[in-house]
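Here is the structure we will look at.
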Amino acid sequence: MIDEALILALDRLRDELADFRVEMRTRYKDPDRQVTASDLKERAAKMAETWMVRVAQVPEVKSAVDSDYLGDLTVHFQRLLTFSERASKRSRYEVEIKAILKEFTIRLIIPLKQQRGVPAALPPETERLSASSGAVHADWRPTAFLSHSFSLSDANVVACVKSLLESIGIGVSTGEKPKADKVSEKVKKRIDAQFTFVGLFTRRDKVEGRNEWTTSPWLIDEKAYAVGKGKKLILLKEDGVASIGGIQGDYEYIEFSRTRLEVPLLKMIQIFETRAMGFRAD
């Protein structure tokens, strides 16, 4: 059931976002100035983590609030976390905070208040098949959305992971090269339709002065959307990638090297076999 503590936490989060925006505008008059103050970056990270760890994963929230809205909202919070990890323009923070606050009360807080004292609804069909007959279990086929870079330098790694999934009976769906600074509706539908989200986070740009690399930002957005939609996650991070957008939810995390791809692939087989056995055993 929805309790007062959760609603109070969301009220505070909304107010903290508004206060943060005012403070940021006060200290950085020019919207094109980069926000470098450590205290502001820490506040942004804390607000984002509050949402992704303490709110977005709560079953009662998932049952009371539109899942598409939760997915989009998680992407916006993920971007705040990403901005906090480096120097980012004030205007970029502004865009995401505006998007978060736009319908925060109407589409999130009010629906939760309306559900106070009401038992949570049943989880999605794929999560409640344990109550179904054995015949349904026998017919079920695991599927995965594979989120990956479209760089030619990553093509062999992507092909290897995709082939592995298909060879163990996993139906694989992939995205498309992004054309805008958002997760497209087509890609969202593909993520929605799959049981598991597999994120392949390969190196992109080298971080100046460090032996670290960034990864493609749209992969982080797709992962955030999957988190918001409550998908099971398996994340593969190439060694040297500095961040894949923080730690959210219950997921499997595998680090890999291109020179030893067999190691993460074997771990993936074990993960899917374990999940399939647990599923059929219900």
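Coordinate-derived values only; no laboratory data. Owing to the predicted nature of the structure, the values given are computational and were not obtained by experimental measurement. Virtual Cβ from ideal backbone geometry, glycine too; neighbours counted across all protein chains shown.
Could you give the longest part of the chain that holds none of the trypsin sites (Lys or Arg not before Pro) found in DSSP loops with at most 10 neighbouring Cβ atoms within 10 Å?
The segment 30-178 is the longest one with no such site.
Apply the a/c threshold of 1.5 to the C-alpha gyration tensor of the chain and tell me whether it is rounded, prolate or oblate.
oblate
Sequence gap at least 6, Cα distance under 8 Å: using those rules, report the relative contact order of the chain to the nearest whole percent.
20 percent
What helices does the chain have that are whole DSSP H segments, at least 20 Å long along their own axis by Cα, and with mean Kyte-Doolittle hydropathy of -0.5 or more?
4-27, 67-84, 262-281
Sorted from largest down, give the three principal axis spans of the alpha carbons of the range 176-255, whole angstrom values.
Largest first, the range 176-255 extends 40, 30, 15 Å along its Cα principal axes.
What is the calculated FRET efficiency for Asp39 to Lys89, with r their C-beta to C-beta distance and R₀ = 30 Å, to the nearest 0.05?
It comes out at approximately 0.95.
How much length, in nm to one decimal, is gained on full extension between Glu103 and Ile168, taken as 0.36 nm per residue of separation minus their Cα-Cα distance?
Difference between extended and current length: 19.1 nm.
If I model a spin label at Cys160 and Ile271 as a point 7 Å from the Cα along the Cα→Cβ vector, what separation in nanometres do I get?
Label-label distance for Cys160 and Ile271, simple model: 1.6 nm.
With respect to the cross-link table entries Lys102/Lys231; Lys46/Lys186; Lys29/Lys98; Lys98/Lys177, which display a Cα-Cα separation exceeding 23 Å?
Beyond 23 Å between Cα atoms: Lys102/Lys231; Lys46/Lys186; Lys98/Lys177.
For the pair Glu176 and Ser151, how long in nm is the line joining their label points, each one 7 Å along Cα→Cβ?
A separation of 2.3 nm, rounded to one decimal place.
Do you know the relative contact order of the range 4-114, to the nearest whole percent, from alpha carbon pairs under 8 angstrom that are 6+ apart?
38 percent
Each label point is 7 Å from the Cα along the Cα-to-Cβ direction; what then is the distance between the points at Tyr69 and Glu212, in nm?
3.6 nm
Hey, what number do you get for the chain at 222 nm if only DSSP H runs of n ≥ 4 count, each worth -39500 (n - 2.57), divided across all residues, to the nearest 500?
Rounded to the nearest 500, it is -15000 deg cm²/dmol.
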